[in-house]
Amino acid sequence: METILTIRKLNKRFNKYVHAVKDVSFEIHRGNVYGILGPNGSGKSTTLGIVLNVVNKTSGDFEWFGGKVATHDALKKVGAIIERPNFYPYMTAKENLELVCKIKGTSFEKVDEKLDLVGLLERKNDKFRTYSLGMKQRLAIASALLNDPEILILDEPTNGLDPQGIRQIRDIIKVIASQGTTILLASHLLDEVEKVCSHVVVLRKGEMLYQGTVHNMLDQNSFFELQASDLSQLKSVLSNHAEIDRLEEQDGKLLVYPKKEMAASELNAYLFQNNIVLEHLVKRKNSLEEQFLELTNNN
Amino acid sequence: MKRLLSIEFQKIWKNKASRVLVLTYFVLLSFIALISSIKFSIGTFEIRIADQGIFNFPYIWHFNTYVAAFFKIFLAIVIVSMMANEYTYGTLKQNLIDGLSKKEFILSKFLVVGTFALASTFFVFVMSLILGYSFSSYNELSIVFSDLEYIFAFFIKLFAFFSFCLFLGILVKRSAFALGFLFVWFVAENIFYWIVKFVILGGNDKTKNFGDTIIQYFPIESMSNLIKEPVTRLNAIKTIENAMGGAQNVKDYSIHFSQISIVLVWTIIFILTSYYILKKRDL
């Protein structure tokens, strides 16, 4: 699979105390949708800033498209939106996009098409400063797509938007993803990442905690949710089971984490042999959110 | 280069404030011609400025470049805000993300500075030519095109000053503060000069000492030193000075290569430091 971006042992120190990115390495392959997860201050934006040429790295390496072109030329084939939309407030949407075309060295022909895609065609001759935040954000997406980029990088694209705005952005992202564009999405909104992304990178305090497919991350821990009339009896029986890692009580239910994959029927049979009849048995996996919180808290 | 200029001029031209300032600048420059219409009378004696020789070739090159240089502050504001806006709008970051390299970014800004300096120089050149042919007592080609080094010095002076403004814009990131800083710098140079000359060395205004030597190496002073005031060079003024019984004021009005090189060295320092700052800074 073609590699779009390779990051090797990237480090960024802002000063003696702030080590924002620590030895982060990962690869972005064509056609996948990646999510970068991490709490505030985990180094997501800094990492993106480094590969986008606006933050200087302290050490380490990154290369775009196999390192054949200079970073700034590679960025002409990248569409990126970071944090907030940055445009010239005194220019109209159309003029702003034309300026981006000039920077990227392409013709103006796609300007209208992309404005249409994000639903701003009717407002194209209005000044940027008259736009609402949602419209600004959509214009930023139009701008990032101007060159039909190889990869779209989105850093918190729904930050500060109202529910309709979030929905609009999310729909646009889905359309783009369905067209086969590689996407790198940094976000807090985990259900968003879970719905859209195929791969995730998890960062905390500048360190990479996990890298892989969303599927694998969710598969790691499946667990059981049990309920019986006598919870303490259930607990004592289960603590004798050799395959059980740990137990947790939550809202009158017992969460059972097995050491390795276990069938629900197997657990049920074991309890039945020990004279416990369950009122409630669910085998489930952590949602990405729970998985993420566990990963970032426990390490 | 065409691409960079087209990018920059779109940024400037679409901004109403910048557009008004640029236009005002050129309109004010052409108002130099109006000096010719000034008349005033001493007693029954009517004096018309245009007849006093200020528009004589080659003196006009000196006079017009000196006067025109006062208006450079209009373009200085445009240049400082052009740079500072990139920071306040966050568009510097966006330009880099869109695929402009930091080198191209700096280059494009200095291309604008160069274009402004060149356009002003050309404007002043053409205007002086027209004014000169209308009022000058001498129209021989050899006289008309003598002393053209003032035009060259004017270009260098503007280019250096605008580079300084751009450098301050990059350093300070806010237009108002950058312009304030420019003023503070100007005052600081003068205070430094007074302290060295009068306080430390105990000199007086009649004689030159080490203070006068060192001050000409400072950026603003070296720029203003390129084209010295032309008024006392006028015959009419000289006559008055002599009549007042003052000592014959022997002053060197010409442009020296050494002064040009000082200014050029500063310009190079400003360009390279701007690039260095931009390169080192995290946005």
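Tabulated results
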| read-out | value |
| --- | --- |
| Exclusive hit being more than 24 Å from B:I49 (Cβ to Cβ) and at pLDDT 80 or above, set B:G203, B:G211 | B:G211 |
| Residues within the range B:21-37 that are without any contact (Cβ under 8 Å) to a residue 40 or more places away in the chain, more than 22 Å from B:Y138 (Cβ to Cβ) and β-branched (V, I, T), tallied | 1 |
| Residue within the range B:14-27 that is in contact with a Pro (Cβ under 7 Å, 6 or more places away or on another chain), surrounded by 15 or more Cβ atoms within 10 Å (Cβ to Cβ) and more than 11 Å from chain A (Cβ to nearest Cβ) present | no |
| From the options B:S30, B:S81, residue that is modelled with pLDDT of 80 or more, under 20 Å from the mean Cα position of the chain (by Cα) and more than 28 Å from B:E149 (Cα to Cα) | B:S81 |
| Failed item in (1) modelled with pLDDT under 90; (2) over 25 Å from the mean Cα position of the chain (by Cα), with A:R123 passing the rest | (1) |
| Any hit, the range A:168-185, residues being at pLDDT below 85, over 16 Å from the mean Cα position of the chain (by Cα) and charged (D, E, K, R) | no |
| Count - residues of the range B:265-283 that are in contact (Cβ under 8 Å) with a residue 60 or more places away in the chain and either surrounded by 15 or more Cβ atoms within 10 Å (Cβ to Cβ) or within 14 Å of chain A (Cβ to nearest Cβ) (or both) | 10 |
| Which numbered condition A:S45 misses (of (1) at pLDDT below 90; (2) more than 21 Å from the chain's Cα centre (by Cα); (3) surrounded by 18 or more Cβ atoms within 10 Å (Cβ to Cβ)) | (2) |
| Wholly enclosed helices (runs of 4 or more DSSP H) of the range B:85-165 bearing at least 2 residues within 14 Å of chain A (Cβ to nearest Cβ) and of a type outside the set (K, R) | B:91-97, B:102-135 |
| Qualifying residue in the range A:11-24 (condition: in contact (Cβ under 8 Å) with a residue 60 or more places away in the chain, loosely packed, with under 15 Cβ neighbours inside 10 Å, in a strand (DSSP E or B) and in the same structural domain as A:A177 (by TED's automatic domain parsing)) | yes |
| Matching helices (runs of 4 or more DSSP H) fully within the range A:39-143 where at least 2 residues are within 30 Å of A:E207 (Cα to Cα), in contact with a Gly (Cβ under 8 Å, 6 or more places away or on another chain) and facing chain B (nearest Cβ under 9 Å) | A:71-74 |
| Condition met for B:I54 (of a type in the set (V, I, T), farther than 25 Å from A:R129 by Cα, surrounded by fewer than 15 Cβ atoms within 10 Å (Cβ to Cβ) and away from every other protein chain (no Cβ under 14 Å)) | no |
| Flag for B:A178 being in contact with a Gly (Cβ under 7 Å, 6 or more places away or on another chain) and of a type in the set (A, V, I, L, M) | yes |
| Some residue of the range B:57-64 being in contact (Cβ under 8 Å) with a residue 60 or more places away in the chain, within 14 Å of chain A (Cβ to nearest Cβ) and not hydroxyl-bearing (S, T, Y) | no |
| Some residue of the range B:210-220 being out of contact with any helix residue (DSSP H, G or I) (no Cβ under 6 Å at 6 or more places or on another chain), closer than 23 Å to B:S254 by Cβ and among the polar types (S, T, N, Q) | yes |
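The values are calculated or read from the model by the stated rules, or taken from the named source; none is laboratory data. Bear in mind that the values here come from a model prediction, so they are computed numbers and not experimental data. Backbone-built Cβ (ideal geometry, glycine too); neighbour counts: all protein chains shown.
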